[in-house]
Each structure stands twice: as C-alpha cells, then as structure tokens.
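S.K.: Can you read through this structure? Questions will come right after.
The values are calculated or read from the model by the stated rules, or taken from the named source; none is laboratory data. These numbers come from a predicted model, not from an experiment. We place every Cβ from the backbone using ideal geometry, glycine too, and count neighbours over all the protein chains shown.
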Amino acid sequence: MSLAFNYHHLRYFHAVAHEGGLRQAAAKLHVSPPSISAQIKELEDSFGEKLFRRQGRANVLTDAGQIALRYADEIFALGDELSNAIQRRPSAKAMRLHVGIADALPKLVTHEILRPVFSDDDSIHVICREGKVDDLLGQLASHRLDIVLADEPASSGHAFRAFNHKLGESPITFCATPDLATRLKKGFPKSLHDAPALLPAESTALRRALDNWFREIGVRPRVVADFEDAALMKVFAADGKGFIAIPTIVVKEAVERYGFKIIGQTKNCTDQFFAITTERQITHPAVNIITDKARELFSKKN
C-alpha cells in the first residue's frame, strides 16, 4: 500500500521545522498559526507518526520528524533545481552524503578514505561533521548522518542497532624530525625507551594498541604529551618535541608534508578503521563507493 500525502502540508511542516515554531512559519508563509497546525496534523495522520513533540513551550522534532525533514530538504532542493533547469540556469543535482568523522581518526587517513567520492563533476556533495564517536552515533541513529568513520567499532551498548563494516588496518610507522629520528633509528625499537613521545589520547584505540606493544617489547617512552587531535600532534612533532606513531598507509604523505624522517615500523601494532552505518547491507551509493574503495586501498598498501 503506497503512502499518499499533500505536498502543501509537507511545505508547512518544512517551514515550521526550519523557522523554529508555528508563529514564525505563519509569518513567513502569510497564513494563520491554526491553519498551519491543522495541516501538519493532517500530514502526521497520513504518515501515522507524530512529527513534533512538546518540550516546554517549544515544538521539537521527533525521530520520525528528523527523517521527514531530511527528505523534505531534498524534495524542495530538487524543486529549486528543477526551476533552475527550466530557466536554463547552470545547476546540477548532487547526491548528498553526510559523514561523521571521529576526532581520533588521523586526517590523512580520512582524506584517503573519502577521496573516491570527490569527483570533477561534483556529483556527490559531501557534508563532514567531526566529533566524539558517541555524539556522532547519536546523529547516525536520528538519520542526520549516513555513515560514521572511526578507528574502532561501535559497541553493542547503544540504544539502536549499529553495523560495523571493517575497512582495513594499517601497520604503524614511527617518525620524528630528522635529528631525533637519526638518533632513534639505531637500535629501534628498544631505542624508543625513555625517548620523548607524542601519543594519541589514552581513550583512543591506537593509544591502547601502542601501550600494549610497548609493554610487550619492554619499552617505556617518556610521554611528553598526548592529543585527541592527530593533526595538532603532528605539528608539535614537526617542532621536534618528540616522536609520533603514524599509520603506515599515510606515512609517505606525512613525511612529505611535515618533513619527518622514518625511525622504524612494526606490523605487531596496527590501527584499524571502520565505517559504521544503521544498515547491515549498505544501500547508499556513495557509502558503497567509500567502503569498496577503502578496502581496496588497505589491501594494496598492506
């Protein structure tokens, strides 16, 4: 049974969601608040779902409302593009891809993973949001994101069903400024003992992997600082403050960009990378491109 609804009702819902309330939307559309309220009620009846809930004196979108708003944005954006096309104005329909990026994920790795969806014809419009994994997963659950990229899988403790798609893993390469790297290269990895280290934050998967590897080989670096932001860590390393650990998959770019020299590498400590979605079988075309190309990339470079 197909769902039928009135697009005028959807326009009123769209206006209320974006304007923040009935009065603001009514003023913009030049209709009365009761008229808008009645037509949104008809839209909710056609969907069989509430689109707003009361929170104090405000109307807040429900989960169904969040989904409806995303589709309404797409529908009315497409309408504007249709108007432009009829008037022979340059405009192209770009598929939107909303990506959440865990702040612990190295920026160079993120760039490699997302590179395939950037094309010369601008057929995909990528919207990136960076933050803590739990915050991003909340946005994924409410369908504000299509995919979350992270260096560890989503746990089973979340209130919604998340599916982890492993993209691959990379060995670790240790780098530093040329002077420091030259001193530490001889006798690696034992040379890392008591050497100044700039490491990822203790809450990250890579830091846990590094700490385990250091214990296994009997090495205890002198941790000068730890960072949640991997890009900032590289800036301090380029200033000679200590050595850093970089996924081998992007070490060439890091060496060229920051002027590092390689100390050594290990395959006994790895950084893993995951795409997290709300579906077991990926259907979003752009997400399929990301996951397929990323797996090819990791398999070639390992």
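S.K.: Any chance you could count how many residues in segment 22-47 are outside any helix (DSSP H, G or I) and on the phi < 0 side of the Ramachandran plot?
M.R.: Qualifying residue count, segment 22-47: 2.
S.K.: Next question, about the same structure. Which members of segment 229-244 meet the condition of being charged (D, E, K, R) and farther than 21 Å from residue 102 by Cα?
M.R.: Hits for segment 229-244 are 239, 241.
S.K.: Also: Scan (1) more than 21 Å from the chain's Cα centre (by Cα); (2) of a type in the set (Lys, Arg); (3) at pLDDT 90 or above for the single condition residue 234 breaks and write down its number.
M.R.: Among (1) more than 21 Å from the chain's Cα centre (by Cα); (2) of a type in the set (Lys, Arg); (3) at pLDDT 90 or above, residue 234 violates only (1).
S.K.: Exactly one condition in (1) over 30 Å from residue 144 (Cα atoms); (2) surrounded by 21 or more Cβ atoms within 10 Å (Cβ to Cβ); (3) in contact with an Asp or Glu (Cβ under 9 Å, 6 or more places away or on another chain) is not met by residue 206; state its number.
M.R.: (1)
S.K.: Okay, next question. Filter segment 270-297 for residues that are farther than 19 Å from residue 162 by Cβ and buried (at least 21 other Cβ atoms within 10 Å of the Cβ) and give the result.
M.R.: Hit for segment 270-297 is 271, nothing else.
S.K.: Report every pair of residues separated by at least 6 positions or lying on different chains whose Cβ atoms are under 6 Å apart, first residue within segment 240-257 and within 24 Å of residue 296 (Cβ to Cβ) and touching a residue at least 60 places away in the same chain (Cβ under 8 Å), second among the β-branched types (Val, Ile, Thr) and assigned to a helix (DSSP H, G or I).
M.R.: These pairs meet every condition: 247/109; 250/109.
S.K.: Sort out which residues of segment 254-269 are farther than 19 Å from residue 205 by Cα and either of a type in the set (Gly, Ala, Ser) or surrounded by 15 or more Cβ atoms within 10 Å (Cβ to Cβ) (or both), and write them in order of number.
M.R.: 254, 255, 258, 259, 260, 261, 262, 263, 264
S.K.: Now for a different question. Among the strands (runs of 3 or more DSSP E) confined wholly to segment 94-179, which include 2 or more residues that are touching a helix residue (DSSP H, G or I) at 6+ places or on another chain (Cβ under 6 Å) and under 23 Å from residue 200 (Cβ atoms)?
M.R.: Ranges flagged: 95-102, 147-150, 163-176.
S.K.: Return the pairs, sorted by first residue and then second, in which the second residue is of a type in the set (A, V, I, L, M, F, W, C) and in a helix (DSSP H, G or I), the first residue lies in segment 278-289 and is in contact (Cβ under 8 Å) with a residue 40 or more places away in the chain, the beta carbons are less than 8 Å apart, and the residues are 6+ apart or on different chains.
M.R.: Pairs that qualify, where the first residue is in contact (Cβ under 8 Å) with a residue 40 or more places away in the chain and the partner is of a type in the set (A, V, I, L, M, F, W, C) and in a helix (DSSP H, G or I), are 278/140; 278/141; 286/117; 289/117.
S.K.: Taking the options 77, 72, 15, name whichever one is closer than 20 Å to residue 139 by Cα and hydrophobic (A, V, I, L, M, F, W, C).
M.R.: Working: 77 fails: closer than 20 Å to residue 139 by Cα; 15 fails: closer than 20 Å to residue 139 by Cα.
Just a single option satisfies the conditions, and that option is 72.
S.K.: Of the residues in segment 36-56, how many are under 18 Å from residue 11 (Cβ atoms) and either out of contact with any Ser or Thr (no Cβ under 8 Å at 6 or more places or on another chain) or free of Cβ contacts under 8 Å to residues at least 12 places away in the same chain (or both)?
M.R.: Summing the residues that are under 18 Å from residue 11 (Cβ atoms) and either out of contact with any Ser or Thr (no Cβ under 8 Å at 6 or more places or on another chain) or free of Cβ contacts under 8 Å to residues at least 12 places away in the same chain (or both) in segment 36-56 gives 12.
S.K.: Would you call residue 150 closer than 16 Å to residue 272 by Cβ and touching a strand residue (DSSP E or B) at 6+ places or on another chain (Cβ under 9 Å)?
M.R.: yes
S.K.: Name the residues in segment 16-38 that are within 17 Å of residue 72 (Cβ to Cβ) and either assigned by TED's automatic domain parsing to the domain that holds residue 142 or buried (at least 18 other Cβ atoms within 10 Å of the Cβ) (or both), would you?
M.R.: Residues satisfying the conditions are 16, 17, 22, 25, 36.
S.K.: Is it the case, given these coordinates, that residue 85 is at pLDDT below 85, aliphatic (A, V, I, L, M) and outside any helix (DSSP H, G or I)?
M.R.: no
S.K.: Looking at 73, 135, 103, 120, which one is at pLDDT 85 or above, surrounded by fewer than 16 Cβ atoms within 10 Å (Cβ to Cβ) and within 23 Å of the chain's Cα centre (by Cα)?
M.R.: Numbers: 73 fails: at pLDDT 85 or above; 103 fails: surrounded by fewer than 16 Cβ atoms within 10 Å (Cβ to Cβ); 120 fails: at pLDDT 85 or above.
Going through 73, 135, 103, 120 in turn, the sole match is 135.
S.K.: Condition first: more than 17 Å from residue 62 (Cα to Cα) and touching an Asp or Glu at 6+ places or on another chain (Cβ under 8 Å). Can you find one or more residues in segment 10-26 that meet it?
M.R.: First, pick out the residues of segment 10-26 that are more than 17 Å from residue 62 (Cα to Cα): 11, 23-26.
Now narrow it down to the ones that are touching an Asp or Glu at 6+ places or on another chain (Cβ under 8 Å): 25.
Yes; the residues of segment 10-26 include at least one that is more than 17 Å from residue 62 (Cα to Cα) and touching an Asp or Glu at 6+ places or on another chain (Cβ under 8 Å).
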